Amino acid sequence: MFLDENFVLKNDIAKQLYHGYAKDQPIIDYHCHLDPKEIYENQPFRNITEAWLAGDHYKWRLMRANGVPETLITGDGSDYDKFAAWAETIELCIGNPLYIWTNLELKRIFGIEALLAKENAAIIWEKANQKLTEKDYTPRQLIKKMNVSVICTTDDPVDDLLYHQQLKNESFAIYPTFRPDRALNIHLPEYTDYLQKLSEVSHISIQTYPQLITALANRVAYFHRHGCRLSDHSLAQLADSRYDQERNTAIFAKKMAGDPLSSEEIMAYQSGLLVELMKLYADHEWTAQLHLSATRNNSGLLMTHVGPDSGGDAMGDGRLEKGVSRLFDQLQCQGKLPKTILYSLNPKDYVSLTALMGCFQEEIQGKLQLGSAWWFNDTYSGMRHQLTTLAEGGILGNFVGMLTDSRSFLSYPRHEYFRRILCQVISEWVEDGQLPEDLPYLGEIVEKIAYQNAKNYFHFGQ
């Protein structure tokens, strides 16, 4: 039955795997977009709209698709009216993961059993808001309530990481993630202004490309001292050509002179600077995360009136394999290939990326990872597809598992949904005669994917 103790779990094997091995594992959320300042300040939420809808472009997209006016999405409508508009939208979204997540979060976090719909929006609004006045519903208490042991935020190289330092004695660990997108986005008009900020925090004057690399190395070392063990990049695709440092130096000089750059030069520059950064990550034994194939800000209207990360992004359909191959080959030949997690927003890339990673695996269990089903793939069928592809083309038992990729403190039940799907997929292989019915053996693999692999892979606190 819907969201009962065995939802998604269709047989006894799946039930035993989930309840006996997956359910109570701590959560390592190694990629999210929570604000460390909000975690530190630990202010109560004014209401569930602030906690649930603010900044959540997953929900915004569905509301627009349901004809909700922008004033009730990102505009100046009242918080209650925005919540009611979401309630009216979600009851139509059967089959969408947000239908599951919405009602699962109400149940697990607020103890609300009723399904959110237009007719009971006012009642649920009152119940949830009453809970949010209690001391156990501040950001930090919600993190603890959901059994989260590690959070990795997403942080720019110029960030001072002040709030990470002030949270170092919390019961959960919070670490920064190095996200240098603005250092790579040479095509943007504000690029030189950003370099000035980077110069100030690194105390290195950036007038040339080698000086930029030195400044970034300075910030990598600073992040490392503050517990950072991951980087993250968002790139539509990578250049097919090999990295030429002299060319990147010339492209950088051209930008600094105010001359326009071609699309080919922009891609070559970004891919080349990524090579330099990946070397730094290897030196520090970090894990690089590459989020590929997202097309950004497709709607000019949304970008103009709301801004980025507002629901105007979509799935790219270009080829990734050759660019990733060139990147890995250059780094491996120099002994500088770091641990890397590859995420593609287009599931067509899962098979080719899994096959490609097998060419470069070395020394470390699961050194190169096919990242969890991301964004538009973060669905029942999408997660099954990612798990099956990884199992058939690699080693599922080395997988570092799920993450939220969320801006909301209420998103942690997504880990539960993933764990249920994982246990169900494995149980089906048992029923098909493709795996032995050996619960201790399979349970150990489930525990690893749910928690232990991530704990061992990222070396947090070391």
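Go through segment 180-211 and give me each residue that's among the aliphatic types (A, V, I, L, M) and over 27 Å from the mean Cα position of the chain (by Cα).
The first filter runs over segment 180-211 and keeps only residues among the aliphatic types (A, V, I, L, M), leaving 183-184, 186, 188, 195, 198, 201, 204, 206.
Of everything in segment 180-211, those that are among the aliphatic types (A, V, I, L, M) and over 27 Å from the mean Cα position of the chain (by Cα) turn out to be ILE204, ILE206.
Identify the residue in segment 363-383 that is polar (S, T, N, Q) and assigned to a loop (DSSP other than H, G, I, E, B) and, among all such residues, is nearest to HIS459 (Cα to Cα). Once the filter is applied, the top-ranked residue is GLN365. When ILE124 is tested against (1) surrounded by fewer than 18 Cβ atoms within 10 Å (Cβ to Cβ); (2) part of a helix (DSSP H, G or I), only condition (1) is not met. Consider THR249 carefully, then state whether it is touching a Phe, Trp or Tyr at 6+ places or on another chain (Cβ under 7 Å), among the hydroxyl-bearing types (Ser, Thr, Tyr) and not in a loop (DSSP other than H, G, I, E, B). Criteria met by THR249.
Which residue is surrounded by the most Cβ atoms within 10 Å (Cβ to Cβ), if the candidates are limited to segment 360-391 and must be of a type in the set (D, E, K, R) and either closer than 25 Å to ARG140 by Cβ or out of contact with any helix residue (DSSP H, G or I) (no Cβ under 8 Å at 6 or more places or on another chain) (or both)?
Of all residues in segment 360-391, those of a type in the set (D, E, K, R) come to 362-363, 367, 378, 384.
Retained after the next criterion (residues that are either closer than 25 Å to ARG140 by Cβ or out of contact with any helix residue (DSSP H, G or I) (no Cβ under 8 Å at 6 or more places or on another chain) (or both)): 363, 367.
Working: GLU363: 7, LYS367: 17.
Top of the filtered list is LYS367.
Annotation note: of ARG247, ARG296, the sole residue that is under 26 Å from LEU342 (Cα atoms) and of a type in the set (Lys, Arg) is ARG296.
Looking only at segment 158-180, count every residue that is touching a helix residue (DSSP H, G or I) at 6+ places or on another chain (Cβ under 9 Å) and outside any loop (DSSP other than H, G, I, E, B) and tell me the total. Give the steps one after another, and end with the answer.
From segment 158-180, those touching a helix residue (DSSP H, G or I) at 6+ places or on another chain (Cβ under 9 Å) are 158-164, 166-167, 170-172, 174-178, 180; that's our starting set.
Filter once more, keeping what is outside any loop (DSSP other than H, G, I, E, B): 162-164, 166, 174-175, 177-178.
Of the residues in segment 158-180, 8 are touching a helix residue (DSSP H, G or I) at 6+ places or on another chain (Cβ under 9 Å) and outside any loop (DSSP other than H, G, I, E, B).
Against the numbered list (1) under 23 Å from HIS226 (Cα atoms); (2) not in a loop (DSSP other than H, G, I, E, B), ALA14 comes up short only at (1).
For the criterion of being touching a residue at least 24 places away in the same chain (Cβ under 8 Å) and in a loop (DSSP other than H, G, I, E, B), PHE409 passes.
When only residues in segment 392-408 that are surrounded by fewer than 19 Cβ atoms within 10 Å (Cβ to Cβ) and farther than 15 Å from LEU353 by Cβ count, which is modelled with the lowest pLDDT? Outline the logic, then answer.
Taking segment 392-408 as the starting set, the residues that turn out to be surrounded by fewer than 19 Cβ atoms within 10 Å (Cβ to Cβ) are 392-393, 395, 397, 407.
If we keep only those that are farther than 15 Å from LEU353 by Cβ as well, we get 397, 407.
Values: GLY397: 98, ARG407: 90.
Among them, the one singled out is ARG407.
The values are calculated or read from the model by the stated rules, or taken from the named source; none is laboratory data. As the structure is a computational prediction, the values presented were derived from the model and not from experiment. Glycine also receives a Cβ, built like all others from the backbone with ideal geometry; neighbour counts cover every protein chain displayed.
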